[in-house]
Amino acid sequence: MQIDFHQAELRFGDRLALRPLTLSLRERRIGVIGLNGSGKTSFARLINGLAKPSSGHVTVDGLDTVKDWKAVLGRVGYIFQNPANQIILPIIRDDIAMGPKARGLKGAELNAAVDGALTRLGIAHLADRRPHELSGGELQLAALAAVTATRPDLVIFDEPTNQLDLKNRALVEAAIRDMPEQAVIISHDLDLVSGLDRVLVFHEGGMAFDGAAAAAIARYREIART
Ligand SMILES: Nc1ncnc2c1ncn2[C@@H]1O[C@H](COP(=O)(O)OP(=O)(O)O)[C@@H](O)[C@H]1O
Ligand SMILES: [Mg+2]
């Protein structure tokens, strides 16, 4: 998808979370890095209409995130920082089925969509578990299965590997690397970020760098030292 920010800014009262930003993105793997509070989540929430710009506008493939919010939500999936907040039904399989059901699937077709999402992420054995019976990495994968089962064109990840041990981190990184959908990935995991096509660095509510991963990481290290 083509993501366009047109002088989009986000304020909370007199606090500026994101300064007016104009930007076009269409790479397959887009990274977002920066210190805590630098505006990363604000930027991500503007892309799928979870946050509405205080001024300016944001479009995805020409759809306005405010005027066309329903269409935008259908095409842009979002994985929250804490996936436990995202899985709302008591059994994983039922939670994953919600998206396909909303698309009108029933019976065998519905089961095939759910099984497909589970298998694709290697978590078929977790289908009948409850969310509190999963590890952090397994929860991330289940959240990703639920989001991809809705067939989005773009998935946004807000710090998907932060809470994870090395093993779960590798699982989630591989799932992100292999998924066919376009992705915007906010992360402090510089190994993950170093493989991305284009990386934005945020600092104090503004975009401080936009370009190749290695140069973005160097800029981020510089910012962290000051
Ligand atoms: N709901 C909110 N109300 C007030 N201020 C907020 C809210 N959400 C974020 N902010 C502020 O906006 C700034 C950017 O936040 P955020 O985009 O969440 O940063 P990051 O994701 O990079 O840590 C921070 O100063 C934060 O305190
Ligand atoms: Mg954040």
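Each label point was placed 7 Å from the Cα along the Cα-to-Cβ direction; for Glu109 and Ala215 their separation is 4.8 nm. Centre-to-centre separation between the Cα atoms of the stretch 205-226 and those of the stretch 15-72: 19 Å.
Here the dipole of the stretch 68-200 is about 400 debye; that uses its Cα centre as origin and unit charges on the Cβ of Lys and Arg (positive) and Asp and Glu (negative). Between 0 and 90 degrees, the angle of helix 166-178 with respect to the longest Cα principal axis of the chain falls at about 90 degrees. When +1 charges are put on Lys and Arg Cβ atoms and -1 charges on Asp and Glu Cβ atoms, the dipole computed for the chain relative to its Cα centre reaches about 260 debye.
Can you give the local net charge around Leu126? Use residues other than it whose beta-carbon is closer than 15 angstrom to its beta-carbon, Lys and Arg +1, Asp and Glu -1. In short, -2.
For the chain, take the longest principal axis of its alpha carbons; what is the angle in degrees between that and the long axis of helix 213-225, to the nearest 10 within 0 to 90? Here the helix axis deviates by roughly 60 degrees.
Working from Cα positions, state the angle (0 to 90°, nearest 10) between the long axis of helix 136-148 and the longest principal axis of the chain. On a 0 to 90 degree scale, this one is about 90.
Cβ-Cβ distance of Thr119 and Leu166, R₀ of 22 Å, FRET efficiency by 1/(1 + (r/R0)^6): the value works out to about 0.35. Pairwise Cα separations in the stretch 1-73 fall into 10 Å bins from 0 onward with the following percentages, short to long: 21, 55, 23, 1.
Once the Kirkwood radius over Cα pairs is known for the chain, the Stokes-Einstein relation at 37 °C and 0.692 mPa s delivers a diffusion coefficient of 183 µm²/s.
Taking every DSSP helix (H) stretch of at least 4 residues in the chain, weighting each as -39,500 (n - 2.57) and dividing the sum by the residue count yields a mean residue ellipticity at 222 nm of -11000 deg cm²/dmol.
Largest mean-square fluctuation among Ile176, Ile33, Ile123, in a Gaussian network model of the chain whose springs join Cα atoms under 10 Å apart, belongs to Ile123. Highest GNM mean-square fluctuation among Glu133, Glu159, Glu181, for the chain modelled with Cα contacts below 10 Å: Glu133. In straight-distance terms, cross-link reach from Lys40 covers every one of the aspartates and glutamates whose alpha-carbon lies under 19 Å from its own, apart from those fewer than eight places away in the same chain; here that gives Asp4, Glu9, Asp14, Glu27, Asp158, Glu159, Asp189, Asp191, Asp197, Glu204, Asp210, Glu222.
Build a GNM of the chain with springs between Cα atoms under 10 Å apart, and of Leu166, Leu192, Leu16 the one that fluctuates most is Leu166.
What is the Rg over Rh value, at two decimals, for the stretch 37-93, using alpha-carbon atoms and the Kirkwood definition of Rh?
1.04
Three principal axis extents describe the C-alpha atoms of the stretch 81-202; from largest down they are 44, 29, 21 Å. Length gained on full extension, Asp153 to His132, computed as 0.36 nm times the residue gap minus the Cα-Cα distance: 4.7 nm. Ranking Leu171, Pro53, Gly116 by how far each Cα lies toward the positive end of the dipole of the chain (charges on Cβ) leaves Pro53 at the top.
Amide H contacts under 5 Å for Phe209: Val201, restricted to partners 5 or more places along the chain or on a different chain, H placed in the peptide plane at 1.01 Å from N.
A simple count of charges around Leu46, restricted to other residues whose Cβ falls under 10 Å of its Cβ and scoring Lys, Arg +1 and Asp, Glu -1, yields +1.
Taking 4 °C and 1.567 mPa s as conditions, the stretch 1-130 diffuses translationally at an estimated 77 µm²/s according to Stokes-Einstein applied to its Kirkwood radius (Cα pairs). Between amide H atoms placed 1.01 Å from N, distances below 5 Å from Arg129 occur with Ile92, Arg93, all of them 5 or more places distant or on a separate chain.
Computed from the coordinates by the stated procedures, all read-outs in this text should not be read as laboratory data. Please read all numbers here as calculations on a predicted model, not as lab measurements. Every residue, glycine as well, gets a Cβ built from its backbone with ideal geometry; the counts of neighbours run over all protein chains shown.
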